[in-house]
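The values are calculated or read from the model by the stated rules, or taken from the named source; none is laboratory data. What you see is a predicted model; the values in this text were computed from it and never measured. No Cβ is skipped: glycine too gets one built from the backbone with ideal geometry, and neighbour counts run over all protein chains shown. Quick note on the areas: whole protein, heavy atoms, side chains included, nothing else; ligands and nucleic acids left out. Shrake-Rupley method; radii C 1.70, N 1.55, O 1.52, S 1.80 Å.
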Amino acid sequence: MFKSGVFNYADVLNKAADASWLRQSAIANNIANIDTPGYKRKDVDFESVLERELRHFQYEPLDVKVKNVRLNRLDVPTYTDAENYSYRLDKNNVDVDQENAILAKNQVTYQGLTEAMSGEFTRTSTVIK
């Protein structure tokens, strides 16, 4: 089968956007459970998964790294953050100020990813024409 690599960046950007969307859901769930006794915050860490995958091709140029990334290894789960840590008496470890700051950062990240994907498809469309 012929593999052109045309969509390599778009595929990785798509995985990053999916992870960002999953993180958005986790943050919203954390905020919704701010008053639930014993609730532990959830999070998603796509950045370290991508970094670990790119490290396999440490001395290669970025385009080669992206071309060789195994997309199935970029699926990230939601994890419970600091499961035993809580500064509150009710054992809930959600800090609304921290969640709102992470939410704002994640929204900017998601917007940047969608704009990057749009740009990638525009460039591909231009080349095809």
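Summary of computed values
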item: Spacing of the two label points (7 Å from each Cα toward its C-beta) at Asn100 and Val64, in nm; result: 4.8
item: Surface accessible to a 1.4 Å probe, per residue, for the residues of the chain, Å²; result: 67
item: Projected label distance in nm at Asp90 and Arg55, using a 7 Å step from Cα toward the beta-carbon; result: 3.8
item: GNM top mover of Pro37, Pro61, Pro77 - the chain, alpha-carbon springs below 10 Å; result: Pro61
item: Alpha-carbon spread of the chain, three principal axes, descending order, Å; result: 60, 30, 24
item: Nearby lysines by direct alpha-carbon distance to Lys67 (threshold 18 angstrom, same-chain neighbours under 8 apart not counted); result: Lys3, Lys15
item: Highest to lowest packing among 22-32, 79-89, 106-116, scored as the average C-beta count within 10 Å; result: 22-32, 106-116, 79-89
item: Projected label distance in nm at Asp35 and Thr122, using a 7 Å step from Cα toward the beta-carbon; result: 4.5
